[in-house]
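Presented below is the structure to which this report refers.
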Amino acid sequence: MLSLVTGPTTEPLSLAEVKAHLRLDSTSDPSPTEDVELAAWITAARQYVETFTHRACITQTWDLKLDGFPCDAAIVLPNPPLISITTATGLVVTYTATTGTLTTWAEANYTVDAPAGPEAGRGSLRPAYGVFYPSTRDVVNAVTVRFVAGYGAANTVPAGIKAAMKLLIGHWWANREAVNIGNSTSELPLAVASLLWPFKAW
């Protein structure tokens, strides 16, 4: 089970960037009410991008809960890129021991793979050489891996992702419902998927 602990504190695009894309005056156009709507669309566009690509844009903290440690396999962490590789920066592994005690698995017991770059794959952790996963009590969500993911600040989000967000917001601004193009109904411009496919994490 995956659950969000701390969401992003900012968005990949600012209101000013979106207004510039939409060719709106930065101060008088649109109305304050529409500013609020644009801000909501920025968040919605980021959430769409994250759902489509299976990755995180801005720094955010997640809990991955498992019913136990895998036998010999690595624990794969979703929502790349993984930007936390030590307890000091947010990655913490806890588990319910066979005694029922909530225990923190020491960092020295595992190694972390955190691929970097705009199209980074999923991060993972596995026991260090000569170390085995600890035994856990047979309970639901016996293991919790808390990790931090995302590209970091807004200025580090890849240009392709930002461009897709701008197209999404522009489409929503111009069309408040699905658009009939020829004999088909289009809810999103095709260029959005084209821009996002290279970032899709499988």
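Taking the numbered list (1) more than 30 Å from Lys162 (Cα to Cα); (2) in contact with a strand residue (DSSP E or B) (Cβ under 9 Å, 6 or more places away or on another chain); (3) without any contact (Cβ under 8 Å) to a residue 60 or more places away in the chain; (4) not in a loop (DSSP other than H, G, I, E, B) in turn, Ala108 passes all entries but (2). Scanning the range 128-152 for residues that are in contact (Cβ under 8 Å) with a residue 12 or more places away in the chain, small (Gly, Ala, Ser) and at positive phi yields Gly150, Gly152. Regarding Ala174, is this residue surrounded by fewer than 20 Cβ atoms within 10 Å (Cβ to Cβ), without any contact (Cβ under 8 Å) to a residue 12 or more places away in the chain and out of contact with any helix residue (DSSP H, G or I) (no Cβ under 7 Å at 6 or more places or on another chain)? So Ala174 fits the description; yes.
Residues in the range 26-41: is at least one closer than 27 Å to Asp63 by Cβ and in contact with a strand residue (DSSP E or B) (Cβ under 7 Å, 6 or more places away or on another chain)? Checking the range 26-41: not a single residue is closer than 27 Å to Asp63 by Cβ and in contact with a strand residue (DSSP E or B) (Cβ under 7 Å, 6 or more places away or on another chain).
For every residue, the table says whether it meets (1) out of contact with any Gly (no Cβ under 8 Å at 6 or more places or on another chain); (2) of a type in the set (Val, Ile, Thr); (3) within 21 Å of Ala114 (Cβ to Cβ).
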residue: Glu11; (1), (2), (3): yes, no, no
residue: Ala20; (1), (2), (3): yes, no, no
residue: Asp35; (1), (2), (3): yes, no, no
residue: Thr43; (1), (2), (3): yes, yes, no
residue: Glu50; (1), (2), (3): yes, no, yes
residue: Leu66; (1), (2), (3): yes, no, yes
residue: Ala73; (1), (2), (3): yes, no, yes
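Evaluating Ile169 against the criteria (1) more than 18 Å from the chain's Cα centre (by Cα); (2) free of Cβ contacts under 8 Å to residues at least 40 places away in the same chain; (3) under 20 Å from His21 (Cβ atoms) leaves one unmet condition, (2).
All of the numbers you see were taken from the coordinates with simple rules; none came from a lab. Please read all numbers here as calculations on a predicted model, not as lab measurements. Don't worry about glycine lacking a Cβ; one is built from the backbone with ideal geometry, like all the others, and counts go over all protein chains shown.
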